[in-house]
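This report refers to the structure that appears directly beneath it.
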Amino acid sequence: MATGVRDVVAGQHLDDRDEPSHAPAEPPTATNPSPSALISPTGLEALALMAHGADERVLRDQGVYLTCAEARREVATLGRTLTGGEPIRWTQIVHLAVENGLVPVNPTVKVELPPWQQDLLRARAGGLSLPEYEYEAGLSQMEAKELAQLLCHRLGASSDQHAVLRGHETGNLTVGEPLPVIFHGGEGQA
């Protein structure tokens, strides 16, 4: 039944008198369930701890999983759930958990990162390992490790996956934006 007022939006009344009173129902669409619907409360707890730097020992010690082996196995399953079946690294799991709203982000003061550190942060969020980044960027193992330490220090992060969360909190990573990695970051490493 047409009422003359369909909705109130920002103080405006939208007129529905010209619309049919019984609009045909739209057919249901087949969609894949969101990752949040597929992840158990235990998985959500594990994601939150991982985002704050927990490794498999911490997940075991916190009682999330019984053993380190179970923690590794279940985290791998979480990663495959977030990607639709692909195995991924813990840093990318944290990034995808943030992207899907499974891990809360508490925005903080913006932290300006030098180009090399920003580049490494994007690479880690995208799933590259430090040795892979080292190779692609033409860095020595020592330079890559120092760069990773500088990144964590600058962001106040306790681990690589925590750096990804901190990257989101400080605005250096943004939900829904691509993660361009240029493997040279600009002038100078620091």
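Given the whole protein assembly as supplied and a 1.4 Å probe, what does the accessible area of Arg57 come to in Å², nearest 10?
Solvent-accessible area, nearest 10 Å²: 130 Å².
Among His162, His184, what's the order by accessible area (1.4 angstrom probe), most exposed first?
Putting His162, His184 in descending order of accessible area: His184, His162.
Heavy atoms only, probe 1.4 angstrom, no DNA, RNA or ligands counted: give me Met50, Met142 ranked by accessible area, highest first.
Met142, Met50
Express in whole angstrom the spacing between the alpha-carbon centres of the stretch 35-91 and the stretch 102-147.
Each part reduced to its Cα centre gives a spacing of 21 Å.
Considering only protein heavy atoms, what is the solvent-accessible area of Glu169 at a probe of 1.4 Å, reported in Å² to the nearest 10?
About 20 Å², ignoring ligands and nucleic acids.
Using +1 at the C-beta of Lys and Arg and -1 at the C-beta of Asp and Glu, which of Val98, Pro114, Ser129 has the Cα lying farthest in the positive direction of the dipole of the stretch 84-184?
Val98
Quote the accessible area belonging to Leu113 in square angstrom, nearest 10, computed with a 1.4 Å probe and with ligands, DNA and RNA left uncounted.
Ignoring ligands and nucleic acids, Leu113 comes out at about 30 Å².
Rounded to the nearest 20 debye, what is the charge dipole size of the stretch 49-187 about its Cα centre when +1 sits on each Lys and Arg Cβ and -1 on each Asp and Glu Cβ?
It works out to roughly 320 debye.
Over the stretch 42-172, what is the relative contact order in percent, taking alpha-carbon pairs closer than 8 angstrom and at least six residues apart? Intermediate results must be reported in sequence, preceding the final value.
On the way: 165 pairs, mean separation 38.8, N = 131.
Value for the stretch 42-172: 30 percent.
The values are calculated or read from the model by the stated rules, or taken from the named source; none is laboratory data. From a predicted model like this one, the values you see are computed outputs, not experimental measurements. Cβ sites come from the backbone with ideal geometry, for glycine too, and all protein chains shown count toward neighbours. Protein only, heavy atoms only, side chains kept; ligands, DNA and RNA dropped before computing areas. Shrake-Rupley method; radii C 1.70, N 1.55, O 1.52, S 1.80 Å.
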